[in-house]
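J.: Provided herewith is a single structure, encoded as structure tokens, for subsequent inquiry.
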Number of protein chains: 2
Amino acid sequence: MNICRTKQQLKLAVKEAKGQGKTIGFVPTMGYLHEGHASLLRAAREENDIVVLSIFVNPMQFGPNEDLDRYPRDEQRDVALAAQCGTDIVFIPSVQEMYPSKPLTSIKVAEVSERLCGASRPGHFDGVGLVVSKLFHLVEPTRAYFGLKDAQQVAVIEQMVADLDMNVEIVPCPIVREPDGLALSSRNVYLSAIQRSEATVLSESLSELANALKLNGAMTPAQCIELVTDNIKEKTSGDIDYVELLEYPALMPVPAHEGLLDALADRKFIVALAVRFGSTRLIDNALFHVEEVIERV
Amino acid sequence: MNICRTKQQLKLAVKEAKGQGKTIGFVPTMGYLHEGHASLLRAAREENDIVVLSIFVNPMQFGPNEDLDRYPRDEQRDVALAAQCGTDIVFIPSVQEMYPSKPLTSIKVAEVSERLCGASRPGHFDGVGLVVSKLFHLVEPTRAYFGLKDAQQVAVIEQMVADLDMNVEIVPCPIVREPDGLALSSRNVYLSAIQRSEATVLSESLSELANALKLNGAMTPAQCIELVTDNIKEKTSGDIDYVELLEYPALMPVPAHEGLLDALADRKFIVALAVRFGSTRLIDNALFHVEEVIERV
């Protein structure tokens, strides 16, 4: 496995692979890898000649009061997991290497990046767009793999790729969960035992909503949100940052007064939530395809 | 010569060239080609295996009251000139092909894009950044050629390429002028006979400044600007949009009270101007390397 710490090393490795006509599968991460990341690496391994993993805790996507400094890191374990998953190249740049001077260029994706985490974390998706754009230019991937836990991130990146005619296929991959339903996240390590046990309510409430929708496709967006919100409020000590129901991937509101199945016809919608347990902010979501809900009714 | 009207056709042609390990020289233009464009094509021809020209009048870089609708076009002549210069691929997309839906993604280059034409034409360089970024992703050039008449455009694109780690070498090429000094521009065709004859004062005043600086390197920025401004005001009916002296390529002001050679040490500066003759806006500039001025003193 080739560990590159500079752009120059990475570019050389990419050039060699490209020169041989090889396809490149790319998994960009902030490290502290878990089974969710591993599932992305395995998908990349299956579909490409070369698998590139990047590990970079990108300061540009953290707000001034966020957890940049205490974001968990364990390079040795990450590298071992990468090797297990058949990774060929790991790119681990320093902040100085990625940003040798303050970037003057900014990338903004309107509409898609404005709600949910975009509203709670101003500038977050600008930072994501910038670093993903840089990494795409450095890695020149055939396909790039992103987890749907960050469903808004997937939507923002897909929009950016389409608008900028970037030559890469975005592959969204399903959320990987603990046996009790908690979505895997590098931040789960911050949770106390009590918070950890309460946090299962997030995925449980989304499952409950899915069941309710199967029984009653005429539920309104407000009723869906209420079901999830009430559950979290009743069963946890968490502070709700948001619970929202939006069309996906446009991430625009659904007409409020209509039943969901009528309002959305053959489109997708997402119920996304962010909840704070102490200083730890967790996110989760469920994507619904209206046809599937109807079929299951 | 391969004329591509769709992204798909272009991508196929690029993929074939890349697969053979060929280098690609790229000249993005808005068409109505003149000797300035031809000089870029010839430079690209000399340094690369494949030469790609794009012709696209990009609506996103025109303001609502600008000359998008009357921007001159002559595809047949452009294609003939491209062939003469040894171009391999010409990309001529429609607006619908380049922007199948309204782009939500925007690219902004702070500081460098804020003065000169960036101040006179709000949003202009956002439009340039967007379309150049799209074209770079579609063409995947080894080198891209830009004329220094649009010196700010060169600076903005170089900054964007550096910040986004784009894998392309930007090659700035000298301004091409008419025998009487007027910088070539597709917009020169709009000038009346009288305006055309007055317009030579733009380059003449820049030459006069160059001579003055050789005699007196202690001139202040204000004195330099005054020399050019007075010349234009006295000898033409043109309306000055701006005459500015800035560091290049940062495009930031030079300390106002010092002599230029002291203030700038070993750096470059630009004197750039925009002047309206009727509804036709012309730009010109001169780049000065402080060492060279000193040598010539």
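The values are calculated or read from the model by the stated rules, or taken from the named source; none is laboratory data. Since the model is a prediction, treat every value here as computed from it, not as a measurement. Note that each Cβ is placed from the backbone with ideal geometry, even for glycine, and that neighbours are counted across all protein chains shown. Side chains included, ligands, DNA and RNA excluded: accessible areas come from the protein's heavy atoms. Shrake-Rupley method; radii C 1.70, N 1.55, O 1.52, S 1.80 Å.
J.: Of all residues being without any contact (Cβ under 8 Å) to a residue 60 or more places away in the chain and surrounded by fewer than 15 Cβ atoms within 10 Å (Cβ to Cβ) in the range B:30-58, which is farthest from the chain's Cα centre (by Cα)? Just the residue, please.
T.: B:ASP49
J.: So for the range A:82-90 (the condition being under 18 Å from A:ASP241 (Cβ atoms), surrounded by fewer than 18 Cβ atoms within 10 Å (Cβ to Cβ), of a type in the set (S, T, N, Q) and more than 14 Å from chain B (Cβ to nearest Cβ)), does at least one residue qualify?
T.: Step one: of the range A:82-90, the residues under 18 Å from A:ASP241 (Cβ atoms) are none.
No, because not a single residue in the range A:82-90 is under 18 Å from A:ASP241 (Cβ atoms), surrounded by fewer than 18 Cβ atoms within 10 Å (Cβ to Cβ), of a type in the set (S, T, N, Q) and more than 14 Å from chain B (Cβ to nearest Cβ).
J.: Search the range B:147-173 for residues that are facing chain A (nearest Cβ under 8 Å) and closer than 22 Å to B:ARG121 by Cα and pair each with any residue that is in a loop (DSSP other than H, G, I, E, B) and open to solvent by less than 20 Å² (accessible area, probe 1.4 Å) when their beta-carbon atoms are under 8 Å apart and the residues are at least 6 apart or on different chains.
T.: As it stands, the answer is B:GLN159/B:VAL112; B:MET160/B:MET166, since those pairs meet every condition given.
J.: Are there any pairs with C-beta distances below 6 angstrom linking a residue in the range A:1-29 that is assigned by TED's automatic domain parsing to the domain that holds A:LEU40 to a residue that is in a strand (DSSP E or B) and basic (Lys, Arg), with the two at least 6 apart or on different chains, and if so which?
T.: A:GLY25/A:ARG143
J.: Go through the range B:12-29 residue by residue and tally those that are closer than 30 Å to A:LYS22 by Cα, touching a helix residue (DSSP H, G or I) at 6+ places or on another chain (Cβ under 9 Å) and open to solvent by less than 70 Å² (accessible area, probe 1.4 Å).
T.: Counting residues in the range B:12-29 that are closer than 30 Å to A:LYS22 by Cα, touching a helix residue (DSSP H, G or I) at 6+ places or on another chain (Cβ under 9 Å) and open to solvent by less than 70 Å² (accessible area, probe 1.4 Å) gives 8.
J.: On the basis of being touching a residue at least 40 places away in the same chain (Cβ under 8 Å) and surrounded by fewer than 20 Cβ atoms within 10 Å (Cβ to Cβ), does B:SER192 make the cut? Please lay out each step first, then the result.
T.: Values: touching a residue at least 40 places away in the same chain (Cβ under 8 Å): yes; surrounded by fewer than 20 Cβ atoms within 10 Å (Cβ to Cβ): yes.
The answer is yes for B:SER192.
J.: Here's a follow-up. Given the conditions (1) crowded, with 19+ Cβ neighbours inside 10 Å; (2) in contact (Cβ under 8 Å) with a residue 12 or more places away in the chain, which single one is not true for A:ARG143?
T.: For A:ARG143, the failing item is (1).
J.: Now for a different question. How many residues, within the range B:121-148, are small (Gly, Ala, Ser) and under 18 Å from B:ALA250 (Cα atoms)?
T.: Here is the first cut: in the range B:121-148, the residues small (Gly, Ala, Ser) are B:123, B:127, B:129, B:133, B:144, B:147.
Subset that is under 18 Å from B:ALA250 (Cα atoms): B:129, B:147.
Qualifying residue count for the region: 2.
J.: Taking the range A:179-207 as the region of interest, how many residues are assigned to a helix (DSSP H, G or I) and more than 14 Å from A:ALA272 (Cα to Cα)? Lay out the reasoning, then the answer.
T.: Filtering the range A:179-207 down to residues assigned to a helix (DSSP H, G or I) leaves A:186-190, A:193-198, A:200-207.
So of that shortlist, the ones also more than 14 Å from A:ALA272 (Cα to Cα) come out as A:186-190, A:193-198, A:200.
Going through the range A:179-207 one residue at a time, the tally reaches 12.
J.: Just to verify a result, which residue in the range A:135-159, among those that are assigned to a helix (DSSP H, G or I) and among the small types (Gly, Ala, Ser), is nearest to the chain's Cα centre (by Cα)?
T.: The initial filter retains those residues of the range A:135-159 that are assigned to a helix (DSSP H, G or I), namely A:135-139, A:148-159.
Right, trim to among the small types (Gly, Ala, Ser) and you get A:151, A:155.
Values: A:ALA151: 5, A:ALA155: 9 Å.
For the range A:135-159, the residue satisfying everything is A:ALA151.
J.: Let me ask another. Which residue out of B:ASP165, B:ASP180 is on the phi > 0 side of the Ramachandran plot and among the charged types (D, E, K, R)?
T.: Numbers: B:ASP180 fails: on the phi > 0 side of the Ramachandran plot.
Result of the check over B:ASP165, B:ASP180: B:ASP165.
J.: When you go through (1) in contact with a Leu (Cβ under 6 Å, 6 or more places away or on another chain); (2) not in a loop (DSSP other than H, G, I, E, B) one by one for A:GLU111, which number turns out not to apply?
T.: Answer for A:GLU111: the failing condition is (2).
J.: In this structure, does B:GLU247 turn out to be acidic (Asp, Glu), more than 21 Å from the chain's Cα centre (by Cα) and outside the structural domain of B:GLU111 (by TED's automatic domain parsing)? Steps first, please.
T.: Details: acidic (Asp, Glu): yes; more than 21 Å from the chain's Cα centre (by Cα): no; outside the structural domain of B:GLU111 (by TED's automatic domain parsing): yes.
Criteria not met by B:GLU247.
J.: Could you tell me how many of the residues in the range A:146-176 are surrounded by 21 or more Cβ atoms within 10 Å (Cβ to Cβ) and over 19 Å from A:LEU273 (Cα atoms)?
T.: The total comes to 6.
J.: Within the range B:91-125, can you find the residues that are within 10 Å of another protein chain (Cβ to nearest Cβ), touching a residue at least 40 places away in the same chain (Cβ under 8 Å) and buried (at least 19 other Cβ atoms within 10 Å of the Cβ)?
T.: Passing the criteria: B:MET98, B:PRO103, B:ILE107, B:VAL109, B:VAL112, B:SER113.
J.: Which residue is farthest from the other protein chains (Cβ to nearest Cβ), if the candidates are limited to the range B:1-23 and must be among the charged types (D, E, K, R) and within 23 Å of A:ALA162 (Cα to Cα)?
T.: So in the range B:1-23, the residues among the charged types (D, E, K, R) come out as B:5, B:7, B:11, B:15-16, B:18, B:22.
Keeping just the survivors that are within 23 Å of A:ALA162 (Cα to Cα) gives B:5, B:7, B:11, B:15-16, B:18.
Working: B:ARG5: 15, B:LYS7: 7, B:LYS11: 7, B:LYS15: 9, B:GLU16: 12, B:LYS18: 8 Å.
Here the answer is B:ARG5.
J.: For the range B:202-246, give me each residue that is farther than 11 Å from B:VAL271 by Cβ and β-branched (Val, Ile, Thr).
T.: B:THR220, B:ILE232, B:THR236, B:ILE240
J.: Another question, if that's okay. Please work out if A:VAL132 is part of a helix (DSSP H, G or I), crowded, with 17+ Cβ neighbours inside 10 Å and of a type in the set (A, V, I, L, M, F, W, C).
T.: Details: part of a helix (DSSP H, G or I): yes; crowded, with 17+ Cβ neighbours inside 10 Å: yes; of a type in the set (A, V, I, L, M, F, W, C): yes.
In short, yes.
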